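Student: For reference, the structure I am asking about is given below.
Just so it is clear, none of the values below were taken in a lab; they were calculated from the coordinates. All figures in this text were calculated on a predicted structure; none of them were measured in a lab. Neighbour counts are summed over all protein chains in view; Cβ atoms, including those assigned to glycine, are modelled from backbone coordinates with ideal geometry.
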Amino acid sequence: MKRLRLAVGVALVAVVAVIWLLLGRNKGAATGELVLTGNVDIRQVQLAFFGSERIAAVQVKEGDHVRKGQVLASLEKARLQANVTDREALKAAQEEVVRRLEAGNRPEEIRKAEADLEASSADLRNAELTADRVFKLVTQGADTPQASDDAHAALDVARARKAAAVEAHALMVLGPRKEDIAAARATLQACEAQLELARRDLADADVAAPADGVVEDRILEPGDMASPQKPVLTLALDDPLWVRVYVAETDLPRIRPGMKASVTTDGFPGRRYEGWVGYISPTAEFTPKSVETREVRTKLVYQVRVFVQNPRGELRLGMPAVVTVPLDQPAQP
């Protein structure tokens, strides 16, 4: 009888131990939620000027809320504006060159070429008549052979001038060469590209906010020399904002992206912020050893980002937070 009582007692103790272990191991499953702790995290952007110039103004200070596209700092623009003006003048001059070549020669220029051709024709006729008279006089012995040579030379010059006038008139009628027009257009394109670069340099003299955020650090001041390697401001992008938490390997199958969650903080104990699981790391946070025991595997953790709404701007970078994920949510299709 005593042995029977002893056996029953041992069995009861074993049953209680098993129940205690199961309850302790599945506490999260019993409560229907997964509680995680972490810190608020946001992205940061270091803003720098594209060019090298002296800073003229910094319009914001630490803690200022800025909107996307808002100008935050500016460089001195006198030299950049002068470069734009110079490029605009070069472009305008080249446009006139292209228009002149495309329009061809003016009617007045063509008429002048015709007049030069007629004058050369008249000079040629006069040289021919003079040469005939001189040749006759030389034949009759009334003039010297030198006069005949001079008449021949004058006649050759008149014929050459007539030929040159004919070609000049033809060129005036034909107008500029296609190759000259193409070269002028190419030069105009180069001027336009240089002007666009000058305008881009002028536009880059202002640093604008790439997104809504909060100015975190004001690194440079007016009068400092800016360069692409020296940030002038650090901007904290508060949208999106998330809580970085870590999930144990044993709890990883219980959550999935898209699950709703709530976030609480010690700073605002009575306030809950709505959120959702947005990212689950595909790899463990720490590299496993080549040989793992069962206990080591259960200690692996995975990074999870729980995105959270922050309409009042109360959540700040690094703030400790508690994330509660209900586990009875239906799976999304």
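Student: Report, please, the projected area of segment 82-200 averaged over directions, based on the convex hull of its C-alpha atoms, in nm².
Tutor: Projected over every direction and averaged, the Cα hull of segment 82-200 covers 10.4 nm².
Student: Sequence neighbours fewer than 8 away in the same chain don't count; with that in mind, list the aspartates and glutamates whose C-alpha is under 17 Å from residue 61.
Tutor: Filter leaves 206, 212, 216, 217, 221, 224, 238.
Student: DSSP loop (so not H, G, I, E, B), at most 16 other Cβ within 10 Å: list which GluC sites (Glu not before Pro) in segment 211-274 pass both filters.
Tutor: Counting only loop positions with at most 16 other Cβ atoms within 10 Å, the GluC sites (Glu not before Pro) in segment 211-274 are 249.
Student: How much net charge surrounds residue 90 when only other residues with a Cβ under 13 Å from its Cβ are counted (Lys, Arg +1; Asp, Glu -1)?
Tutor: Within the 13 Å Cβ shell, the charges total -4.
Student: Volume per residue, Å³, of the convex hull around the alpha-carbon atoms of segment 205-289?
Tutor: 205 Å³
Student: Separate question: Fully extended, how many nm does the chain gain between residue 146 and residue 79 (0.36 nm per residue separation, minus their Cα-Cα distance)?
Tutor: Contour length minus the Cα-Cα distance gives 17.0 nm.
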